[in-house]
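Worksheet for the structure shown next.
Readers should treat all values here as calculations from the given coordinates under stated rules, not as data from a laboratory. Note that the structure is predicted; figures quoted are calculated from it, not measured. Counting neighbours? That spans all protein chains shown, and the Cβs are built from the backbone with ideal geometry, glycine included.
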Amino acid sequence: MSRVALVSGGSRGIGAAISKELKDKGYTVAATYAGNDEAAAAFTAETGIKTYKWNVADYESSKAGIAQVESDLGPVEVVVANAGITRDAPFHKMTPEQWHEVIDTNLTGVFNTIHPIWPGMRERKFGRIVVISSINGQKGQFAQVNYAATKAGDLGIVKSLAQEGARANITANAICPGYIGTDMVMAVPEKVRESIIAQIPAGRLGEPEEIARAVAFLVSDDAGFINGSTISANGAQFFV
Ligand code: CAA
């Protein structure tokens, strides 16, 4: 029987590429989304992947949504915590609302996505967790105090979960994508985006599929001894 994989924010951007890659590799995929019904319906029509709507920032909604996925598809053995938002502003202009929205979705949302699934993984003695962090969690970024804090926080989450889960054959790893050609990066003003691309030695934005293939490896049986690690995929823009 194929393993069930849950991808948060899995109907658009990097998440959609991850959902498709895992489906192609034989997983039964559930893709969550927060609000864009039209994009989710189009994604399901195109791929046949089931989508589920809930707000990852809300624990009870996440718990209920995950229970629904498990009742429909079976126990979730692979979790990709990918859902994330930006609310960029220089710090002197950043509002408490912008801070909290990003923390609630990108950081608390990771807790809410993994926590309800964790007890089952411990019982079954198998689990694969990948958190999609960011280059900006590694290096910081002008106008992203909120976002960079969450993405750095993701690295602490996986390093801690790795230690807690290792004896139960659960791995938790992070991928730090650089600038990838998604709506999120396209929302950056064009002039700023051009200057970003100029700083990428590869001379181009990354493709969502380049992140998806790394996820597929980390969740495979072959990657069982890779635990608590951070993989950078950024076209040589930044090294830790
Ligand atoms: N470094 C240093 N200074 C910078 C800068 C940078 N990277 N970017 C802008 N500035 C400067 C500007 O030159 C300007 O200076 P002056 O006041 O001297 O003109 C000042 O900072 C910006 O002031 P503004 O009042 O114009 O700023 P704003 O309130 O209009 O905000 C912005 C503009 C939100 C910062 C906009 O430029 C922006 O969105 N920048 C991109 C930030 C970014 O890279 N976000 C990443 C998004 S993609 C992502 O997050 C995915 C991922 O994981 C990689």
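Amide H of V79: which non-local residues (sequence gap of 5 or more, or other chain) have their own amide H closer than 5 Å, using H built in the peptide plane?
L6, R128, I129, V130
Mind checking which of Y59, S71, L107 is farthest towards the positive end of the stretch 53-112's charge dipole, using Cβ charges of +1 (Lys, Arg) and -1 (Asp, Glu) about the Cα centre?
Sorting the options by dipole projection puts first L107.
Quick check: convex hull of the Cα atoms in the stretch 1-46, volume per residue, rounded to a whole Å³? Display every interim value, and only then the final one.
Details: hull volume 2.8 nm³, N = 46.
Hull volume over Cα atoms, normalised by residue count, gives 62 Å³.
Using the Cα centre as the reference, give the magnitude of the dipole from point charges on the C-beta atoms of the chain (Lys, Arg: +1; Asp, Glu: -1; all else neutral), rounded to the nearest 20 debye.
Details: 22 positive and 25 negative charges, 103 e Å.
It comes to approximately 500 debye.
Cα-Cα over 21 Å: which of K139/K159; K23/K63; K20/K53; K20/K125; K125/K159? Display every interim value, and only then the final one.
Numbers: K139/K159 18 Å; K23/K63 23 Å; K20/K53 18 Å; K20/K125 26 Å; K125/K159 19 Å.
Over 21 Å apart, Cα to Cα: K23/K63; K20/K125.
So what's the back-of-envelope 222 nm ellipticity for the chain, counting only DSSP H runs of four-plus at -39500 (n - 2.57) apiece and dividing by all residues, rounded to 500?
Values: 11 runs with 108 residues, N = 240.
About -13000 deg cm²/dmol.
Quick check: pseudo-label points 7 Å beyond the Cα along Cα→Cβ at A42 and S195, how many nm apart are they?
In this crude label model, A42 to S195 measures out at 3.2 nm.
Find, to one decimal place in angstroms, the Kirkwood hydrodynamic radius of the chain, where the mean of 1/r is taken over every pair of different Cα atoms and then inverted. Don't jump to the answer; show the numbers that get you there.
Numbers: mean 1/r = 0.0561 Å⁻¹.
The answer is 17.8 Å.
Using only the alpha carbons of the stretch 40-166, determine the length spanned along each of the three principal axes and report them from longest to shortest in whole angstroms.
Projected onto its principal axes, the Cα set of the stretch 40-166 covers 47, 39, 26 Å.
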